[in-house]
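Throughout, read-outs are computed from the coordinates displayed, never taken from laboratory work. This one's a predicted model, so the numbers in the text were calculated from it and none came from an experiment. No Cβ is skipped: glycine too gets one built from the backbone with ideal geometry, and neighbour counts run over all protein chains shown.
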Ligand SMILES: Cc1cc2nc3c(=O)[nH]c(=O)nc-3n(C[C@H](O)[C@H](O)[C@H](O)COP(=O)(O)OP(=O)(O)OC[C@H]3O[C@@H](n4cnc5c(N)ncnc54)[C@H](O)[C@@H]3O)c2cc1C
Ligand SMILES: NC(=O)c1ccc[n+]([C@@H]2O[C@H](COP(=O)([O-])OP(=O)(O)OC[C@H]3O[C@@H](n4cnc5c(N)ncnc54)[C@H](OP(=O)(O)O)[C@@H]3O)[C@@H](O)[C@H]2O)c1
């Protein structure tokens, strides 16, 4: 019997293993990963040339293992994919985790043990590998289970009519690493189409264009259009401000809807309340976001006036087509940074990249046909940067367990009673959030279910999944309510400060596994629907679906329009960690976030 089984050797799984081993070096910990190297998104097999972090050095390292100590990264630079991989490998070696990892092994099914106090995990791996590791069976039994499988592992591929006749490479952006050579280094591939309007699409367009390809970039007309992808710095008056740091300053977080309690323990600080509900405060907030919006447009140089025209712009391609339709207020963490060495705008204005705001009606050999008689283009490859599915990468069995676990599940896995229960919680939450943040009540896009997955008629609409409904964004609410603290999910939401967030989640999980977390006086199941419990949904961005947590129909709940706001001062968090204090069983997520 394993003490703690961790599925996933990305940043979350590695940090979890380190945290648990520091607490008890003798515990039997096994980490599984379907890749052959550590790093998850940053594993060797997923890297593609030009991949860099959105973040600037040094905000992607763990507090107890600074990148500078291992000579990785340069101040003021984005960290490259290779550097992130090297860093996470060094981290795993430094904390002696490598020998605990079983690579090339996929967990396929999870079910509770016979007495419901542990877990059985079915695994699949190459037979020769399984025979060389210490665990000789394909069924693992563990007392505690950590799901660190990430939210960007199951590619969401559009189902395009005619794809069976498409005789050229058709791949997802997540395969850019393994297929880079065969597609973008293939001398027969000259013209590449890229589908999607968010950060992966930017990266794919950039990679294809800078490797000499003519690029047709398709952003569907029926969707929400392009995301904000802006420079890392902006200007505030005469000062150059680092955007990533700006969003971590408490003063700027007040302008965002955030339902986490403030330091004094109130549900909402008077400043935030003033800024979001008082007439004068609302006007100030509106102005703040208008200025932010205008500045971001200028920073991105979307509008071609003489001032914004950059070197190399010869205006053959219209760059304004990439301007997102709404204020950055509505985009939250689905924004990205222009972390490229070459000027992205020049690739479009020079005509090397042509942007099509069209829906695809169907595809045929070498050809992509647009809807509404908008023509067709002939290409040599189609890369779909269409994001990731909300479907968990492991089958939790039986399906009846899904409600208790709070994991995304197809609505037909829930009983009518369970659906009604969640609907009621959502309605209550919507009421409270709408009262506190009235501007969220009328988002700029439709909130009807019909528009949540806008697809042209020829594409199939994916099965809809329910959102993550985890206690504190980590623990299964039903099991927690029943006193069973044997399972946690890490990183099922994302923020701009992912690494500190992972460290905090691991500490909270350790506390939780040891029954040291003070649970709310009412059952977590119900309490989750109240404000401080909405952590997973904050990350789900205000626009509802676009981005990396596409689990909830847009507009079905106001909670989906809230954004995670790191309200802690990261320097203090770091000082706390650097002081060597690793674990305080009394810590609760709120305390951790608010230090
Ligand atoms: C291209 C790209 C760029 C990104 N850039 C940034 C960035 O700049 N800044 C940032 O903060 N975040 C970024 N992210 C988000 C990224 O998800 C986080 O940086 C971080 O990798 C999350 O770590 P994780 O360990 O939770 O998940 P992951 O890194 O996704 O790791 C999960 C691991 O679980 C394994 N796994 C999944 N299912 C199974 C299974 N059934 N059996 C066995 N193993 C399994 C996977 O193989 C993977 O190795 C980016 C994501 C992508 C896709
Ligand atoms: N560090 C980096 O440089 C980097 C690089 C890549 C990714 N990332 C991160 O990875 C995460 C995921 O980003 P992502 O860009 O892969 O996914 P994403 O943010 O979910 O974006 C998916 C895009 O595809 C579109 N789309 C979805 N289904 C479609 C369909 N059927 N047909 C046409 N278009 C469709 C979406 O637009 P609509 O649904 O509105 O039409 C959206 O524009 C983000 O957190 C991002 O920051 C980081």
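Observations on the model:
- Packing rank of 5-12, 293-300, where each peptide gets the mean count of other beta carbons within 10 Å, highest leading: 5-12, 293-300
- Relative contact order [Cα under 8 Å, 6+ residues apart], the stretch 2-137, whole percent: 23 percent
- With neighbours defined as other Cβ atoms within 10 Å of a residue's Cβ, the residues 508, 242, 422 order from fewest to most as 242, 422, 508.
- Given R0 = 60 Å, the distance between the Cβ atoms of residue 518 and residue 214 translates into a calculated FRET efficiency of 0.50.
- Label-point separation, residue 120 to residue 419 (7 Å along Cα→Cβ), nm: 3.2 nm
- Order of 84, 67, 292 - criterion: other Cβ atoms within 10 Å of each residue's Cβ, fewest first: 292, 67, 84
- Theoretical FRET efficiency, 1/(1+(r/R0)^6), r = Cβ-Cβ of residue 278 and residue 371, R0 51 Å, to 0.05: 0.65
- Potential lengthening between residue 167 and residue 287 on full extension [0.36 nm per residue; Cα-Cα distance subtracted]: 38.0 nm
- Packing, as the average of other Cβ atoms within 10 Å across residues, places the peptides 183-194, 35-46 in the order 35-46, 183-194, highest first.
- Linear extension gain, residue 246 paired with residue 395, 0.36 nm per residue minus alpha-carbon span: 49.7 nm
- Residues 249, 220 in ascending order of nearby Cβ atoms (within 10 Å, fewest first): 249, 220.
- By average C-beta atoms within 10 angstrom, highest first, the peptides 91-98, 51-58: 51-58, 91-98
- Label-point gap, in nm, between residue 428 and residue 188 - each point 7 angstrom along Cα→Cβ: 6.1 nm
- Prolate is the label for the stretch 157-386, because a/c, from the alpha-carbon gyration tensor with a ≥ b ≥ c as root eigenvalues, is 1.5 or above and a/b exceeds b/c.
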